[in-house]
1. What residue among Ile69, Met88, Ile38 has its Cα farthest toward the positive end of the dipole of segment 1-102, where the charges are +1 on Lys, Arg and -1 on Asp, Glu, each on the Cβ?
2. If contacts are Cα pairs under 8 angstrom and at least 6 residues apart, what is the relative contact order of segment 145-201 in percent?
3. Antiparallel versus total DSSP beta bridges in segment 129-221: what percent is that, nearest 5?
4. Would you calculate the volume per residue, in Å³, of the smallest convex hull containing every Cα atom of the chain?
5. If you restrict to DSSP beta bridges whose two residues both lie in the chain, what percentage is antiparallel, to the nearest 5?
6. What relative contact order, as a whole-number percentage, does segment 47-135 give when Cα pairs under 8 Å and 6 or more residues apart are counted?
7. Say R0 is 22 Å: what FRET efficiency, to the nearest 0.05, do Glu185 and Ser108 get from their beta-carbon distance?
8. Show me the ranking of peptides 300-311, 278-289 by mean Cβ neighbours inside 10 Å, starting with the highest.
Amino acid sequence: MIFNTETGTDILLAKHYLDKEDIVAIPTETVYGLAANIFSEPAIKKVYSAKKRPATNPLIIHIANKEWIYELAEDVNEQAKLLIDNFMPGPLTILLPKKKLIPDMVTSGLPNVAIRLPAHPIANNLLKQLDYPLAAPSANPFGYISPTTAQHVYDQMGGKIPYILDGGKCKAGIESTIIGFKEHETVVYRLGSITIAELEAVVGKVILNSNTKDIVAPGMLKKHYSPRTPLLLTQNIEDALTQYTGKKIGLLTYDSYSQLLPYEHQIILGETKNMSLIAHNLYSAMHIMDAAGYDIIIVKRLPDEGIGRSINDRLNRASSL
Ligand code: TXA
Ligand code: MG
């Protein structure tokens, strides 16, 4: 089916499409999601097919209030309760044992369900008007850069969905932090908007899944979040610029322009002392650079601290060949 995709701020129109088992792009504080009623198998199928996403890669469930967690999850442990109290609503996704009422298609047959209570007024308003939660992966084709504006969604999903609910540019700009539990330990499965230090201030030491061998979050592929243009992540911009002399280079940098490349081929993402702003601008800048027809996009690696570590994680995957 081909749609004449509309963009607007009409929450009731978004509800209308969702109620009739269509899919709609919604804003969240992290990135835009491609949303479907979790109880509608036809709608869930449309999400997988619009994204060209493998059926083995499950979807995060977005809820209107914390009560839903107890409807959807079998067992909410004490650490989970602490994290829920401290970070929801917000950019935290929690993996908990699923109840049977959730269709297996949503969790790709896995024993856990991923749940998140977003902090975006338009998403919250919409969710409160629905009788069901929304399954929503990021609203990009599988493997590509996530969208942080309604226009990004339109560029990638135009014609495939009836409606894009416009909530402006996403504040956080990178995806939620995904956590789960192993025995009595809290495990971070995806670095994201909430930092390790913020989590540890609430639950004590957490473990990074990259240090364990199990693949619990199947979407955490080595190559992901990628522009079509090759991307090089490097500490040494000067060397990289020299290495690619003669090529059309786009540069993503921080604090100030490099003197070695014309300014019009550079984007300053923000100051390194304000990494949240860098995260906010990251995907937009990657979208602009990818559309500009460069041979290579060079990006400067950030210090591996706080949100910088999450940004480096995304850039590492984006640069993976
Ligand atoms: O910020 C976000 O989390 C955004 C917004 C739209 O909420 N969503 C998002 O969804 O990033 P997505 O589908 O692009 O990434 C979700 C990740 C995938 O790696 C997926 O494999 C993992 O979460 N995941 C989802 N459900 C899971 C489950 N039941 N068990 C393990 N991993 C799960
Ligand atoms: Mg995604």
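Rule-based calculations on the coordinates, nothing more; no lab input. Remember, predicted model here, so these are calculated numbers, not experimental data. When we count neighbours, we look across all protein chains shown, and the Cβ atoms used for this are built from the backbone with ideal geometry, even at glycine.
1. The one lying farthest along the dipole's positive direction is Ile38.
2. 25
3. 60
4. Hull volume normalised by residue count: 128 Å³.
5. Roughly 40 percent of the DSSP beta bridges within the chain come out antiparallel.
6. After rounding, I find 40 percent.
7. 0.40
8. By packing density, highest mean first, the sequence is 278-289, 300-311.
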